[in-house]
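Colleague: Right, I'll just put the structure down here and ask away after.
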Amino acid sequence: MAIPVIDFSKLDGEERAKTLAEVANGCEEWGFFQLVNHGISEELLERVKKVTGDFFRMERQENFKNSTLMKAVNENKKLENVDWEDVFTLLDDNEWPSKTPGFKETMEEYRRELKKLAERVMEVMDENLGLPKGYMKKAFNGGEEDNAFFGTKVSHYPPCPKPELVTGLRAHTDAGGVILLFQDDKVGGLQILKDGQWIDVQPLRNSIVINTGDQIEVLSNGRYKSVWHRVLATPTGNRRSIASFYNPSMKATIAPAPELVKKENQEVDQTYPKFVFGDYLSVYAEQKFLPKEPRFQSVRAV
């Protein structure tokens, strides 16, 4: 069983209806799907691979080898509450790596293209749900301005000498909106939970993996589900994982779209609550690896 692979270029051609249906299926039945022909140039993606690989080797690898995490695994200690992951987060206003040639310029360009793709994917979701064009973007931005959060997590999962002792990344759902992942072409490890089984997200060269976070589940009134996923530690390879998050602003109020609640003849309070995203994120920070349903109910706007 493999997650859906969708040719996004066909959205603008004669197969538009079919492509819309494929995205709807990916959102409703899987919570994950892969986009090919997504509009981001192969040349840019190859540069991203190079600079992120160089960054890890030049600025991060040695510290990871000498970390307490590596020491614990080498000492045969079972690790329950940590991840076998080296992480660096890119935001518009934080300090970026400066030692790796071309890193900043390449990743700035990449983030601009990813943000455009995220907004286009959300427009497709709007259309499939019967919502006005731009509904999700406006909800995430808290209005017409550009206030949504857009962050990029550059991760590497180095070879683990004893992968049975630790998880690459513990199982969780994502707190935010639309997640766009540029994963490794060759080294697998990402899995999603579907129908009680863990399924591999197959490596596919230069594809962008899309998954829906908790806020999409709320806005869609449960039509689109955020899905449990994890990353396994592996004994060989060095898995690249670049995840970009298009999330609501901290002050944005999130609730099921009234049109969807009305269609399903339900009251908002009987389905998903209305809340401020910043409040939800505070709860999520403490409960990330726990079931999501209690998180929804513990934040409710007055």
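The values are calculated or read from the model by the stated rules, or taken from the named source; none is laboratory data. Predicted, not measured: the structure shown is a model, and the values here were computed from it. Because the Cβ atoms are built from the backbone with ideal geometry, glycine has one as well, and the counts that use them run over all protein chains shown.
Colleague: When only residues in segment 219-236 that are basic (Lys, Arg) and in a loop (DSSP other than H, G, I, E, B) count, which is farthest from Leu165 (Cα to Cα)?
Modeller: Arg223
Colleague: So, in segment 194-205, exactly how many residues are touching a Lys or Arg at 6+ places or on another chain (Cβ under 8 Å) and surrounded by fewer than 17 Cβ atoms within 10 Å (Cβ to Cβ)? Steps first, answer last, please.
Modeller: Going residue by residue through segment 194-205, those that are touching a Lys or Arg at 6+ places or on another chain (Cβ under 8 Å) are 198, 203.
Retained after the next criterion (residues that are surrounded by fewer than 17 Cβ atoms within 10 Å (Cβ to Cβ)): 198.
Counting residues in segment 194-205 that are touching a Lys or Arg at 6+ places or on another chain (Cβ under 8 Å) and surrounded by fewer than 17 Cβ atoms within 10 Å (Cβ to Cβ) gives 1.
Colleague: Would you check which residues across segment 80-100 are loosely packed, with under 12 Cβ neighbours inside 10 Å and in contact with a His (Cβ under 9 Å, 6 or more places away or on another chain) and list them?
Modeller: Once the filter is applied, which keeps residues that are loosely packed, with under 12 Cβ neighbours inside 10 Å and in contact with a His (Cβ under 9 Å, 6 or more places away or on another chain), segment 80-100 yields nothing.
Colleague: How about segment 80-138: which of its residues are within 20 Å of Val23 (Cβ to Cβ) and among the aliphatic types (A, V, I, L, M)?
Modeller: Leu114, Leu117, Ala118, Val121, Met122, Val124, Met125, Leu129, Leu131, Met136
Colleague: With the requirement that a residue be surrounded by 19 or more Cβ atoms within 10 Å (Cβ to Cβ), within 22 Å of Val121 (Cβ to Cβ) and not aliphatic (A, V, I, L, M), what does segment 167-183 give you?
Modeller: Across segment 167-183, the qualifying residues are Thr173, Asp174, Gly176, Gly177, Phe182, Gln183.
Colleague: Quick check on segment 128-149: of everything there that is surrounded by fewer than 17 Cβ atoms within 10 Å (Cβ to Cβ) and touching a residue at least 40 places away in the same chain (Cβ under 8 Å), which residue is farthest from Glu42 (Cα to Cα)?
Modeller: Per the stated criteria, the residue is Gly130.
Colleague: Name the single residue that is surrounded by the most Cβ atoms within 10 Å (Cβ to Cβ) among those in segment 4-28 being under 17 Å from the mean Cα position of the chain (by Cα) and either assigned to a helix (DSSP H, G or I) or modelled with pLDDT under 95 (or both).
Modeller: Cys27
Colleague: Moving to a separate point now. List pairs: first in segment 271-296 and free of Cβ contacts under 8 Å to residues at least 24 places away in the same chain, second outside any helix (DSSP H, G or I), Cβ under 6 Å, 6+ apart or cross-chain?
Modeller: From segment 271-296, the pairs are Asp279/Val299; Val283/Val299.
Colleague: Working carefully through the options Lys77, Lys65, find the one that is surrounded by fewer than 16 Cβ atoms within 10 Å (Cβ to Cβ), closer than 25 Å to His172 by Cβ and more than 23 Å from the chain's Cα centre (by Cα).
Modeller: Details: Lys65 fails: closer than 25 Å to His172 by Cβ.
After ruling out the rest, the residue left standing is Lys77.
Colleague: Separate question: Regarding Thr152, is this residue within 21 Å of Arg47 (Cβ to Cβ) and touching a strand residue (DSSP E or B) at 6+ places or on another chain (Cβ under 7 Å)?
Modeller: Working: within 21 Å of Arg47 (Cβ to Cβ): yes; touching a strand residue (DSSP E or B) at 6+ places or on another chain (Cβ under 7 Å): yes.
Yes: the conditions hold for Thr152.
Colleague: Let me ask something additional. It is to be established whether one or more residues within segment 37-51 are crowded, with 16+ Cβ neighbours inside 10 Å, among the basic types (Lys, Arg), in contact with a His (Cβ under 8 Å, 6 or more places away or on another chain) and within 29 Å of Thr100 (Cα to Cα). If you could, list the steps in order and put the result at the bottom.
Modeller: First pass over segment 37-51, keeping only residues crowded, with 16+ Cβ neighbours inside 10 Å: 38, 40, 45, 47-49, 51.
Next, only the ones that are among the basic types (Lys, Arg) stay: 47, 49.
Next cut, in contact with a His (Cβ under 8 Å, 6 or more places away or on another chain) only: none.
No, segment 37-51 has no match at all.
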